[in-house]
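For reference, the structure is listed below as structure tokens.
The values are calculated or read from the model by the stated rules, or taken from the named source; none is laboratory data. Since we're looking at a predicted model, the values are computed, not measured. Neighbour counts are summed over all protein chains in view; Cβ atoms, including those assigned to glycine, are modelled from backbone coordinates with ideal geometry.
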Amino acid sequence: MIAPDHCVVDATYGRGGHSRALLERLGSTGRLVVMDQDPEAIAHARSTLGDDQRVLIWDGNFAELDRMADELGITGQINAMLMDVGVSSPQLDTPGRGFSFRDDGPLDMRMNPGSGESAAEWLARAEEAEIARVIFEYGEDRHARRIARSIVMARADEPIERTAQLASIVARSSGSTPADRHPATRTFQAIRIHINDELGALESALAKAIDVLASEGRLAVISFHSLEDRRVKQAFRALCQAPPASRRMPVAPDFEPSARMIGKVIRPDRDEVKSNPRARSSRLRVIEKLAEVAA
């Protein structure tokens with residue numbers, strides 16, 4: 001539960017839906033820190049929440065949780081933290097960001113357009129084997145090699161710089177897909193995850209979160225596909241449960257849990273999915289830092 005005087009972190013601001021809900025629970029002495037690596041999200045936070053004296057806005061990736069907490073002087077004082085992992089609806093719905101194949105736009109896909117290389121730049125230089133690996137590992141697409149080969153052949157004729165180009169190339173080279181899923185869905189997901197190092201950032205954030213939480217502080221993570229959820233489960237299990245016994249190790253190593261699970265995984269109900277179809281695959285998991293860890 002969030003008390004009026006708590007210090008809370010929304011580590012993935014997006015367009016502030018969660019932040020506004022959290023602020024409703026905080027009183028005049030409470031604090032809300034909002035984080036995001038997307039400049040557009042930070043600009044939105046400043047324009048809508050900048051006048052609220054309870055709000056601190058931090059421009060950066062949630063993989064930098066430790067630096068954020070140190071700079072703001074709140075290490076060990078955060079009572080609750082929320083991570084809503086992956087791409088946000090505004091990013092998907094803005095063709096100019098290049099995340100979606102449904103509307104043509106520049107093939108960018110960077111959550112922070114001012115940092116790193118775009119998807120178009122990566123596809124222009126990556127070897128066929130690397131493209132295939134990314135699509136297979138992050139898109140879990142069994143047609144990865146065929147799609148990668150088609151991409152390399154297509155770029156030999158002209159640069160692949162638009163989302164519609166890439167979607168068309170993938171659609172022509174993919175096998176059959178479910179009727180409710182575009183053939184390019186997995187490829188776009190895979191390239192986006194790779195370009196933004198999303199899984200690496202998530203793993204870093206999960207590793208650092210327990211250290212910045214207060215005693216009995218809670219971490220809630222919403223994930224949307226198996227790659228993310230698997231890492232959340234593994235990180236939470238490592239904090240809460242002793243590793244399984246091994247026949248090669250007759251004496252189990254000492255283990256002191258630093259957190260406990262709060263309930264089971266929460267999935268959206270039918271009404272929520274009806275009102276917000278994008279919530280269909282979401283999973284919410286929560287842990288609480290043990291008091292002994294902070295002592």
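The residue list 56, 32, 72 contains one member that is in contact with a Ser or Thr (Cβ under 8 Å, 6 or more places away or on another chain) and more than 18 Å from residue 204 (Cα to Cα), which is 32. Filtered by the rule that a residue be touching a Leu at 6+ places or on another chain (Cβ under 7 Å) and within 13 Å of residue 239 (Cβ to Cβ), the stretch 195-217 gives 208, 209, 210, 213. Exactly one residue out of 66, 70 is out of contact with any Lys or Arg (no Cβ under 8 Å at 6 or more places or on another chain) and of a type in the set (Asp, Glu), and it is 70.
Counting the residues of the stretch 21-43 that are surrounded by 20 or more Cβ atoms within 10 Å (Cβ to Cβ) and in contact with a Phe, Trp or Tyr (Cβ under 9 Å, 6 or more places away or on another chain) gives 7. A search for C-beta distances below 8 Å between a residue of the stretch 2-28 that is under 15 Å from residue 286 (Cβ atoms) and any residue that is of a type in the set (Phe, Trp, Tyr), counting only pairs 6+ apart in sequence or on different chains, returns 11/62. So, in the stretch 44-60, how many residues would count as being of a type in the set (Gly, Ala, Ser) and surrounded by 14 or more Cβ atoms within 10 Å (Cβ to Cβ)? So the count comes out to 2. Scanning the stretch 105-140 for residues that are at pLDDT below 95 and acidic (Asp, Glu) returns a single hit, 140. Restricting 193, 151, 131 to those that are in contact with a Phe, Trp or Tyr (Cβ under 7 Å, 6 or more places away or on another chain), in a helix (DSSP H, G or I) and aliphatic (A, V, I, L, M) reduces the list to 193.
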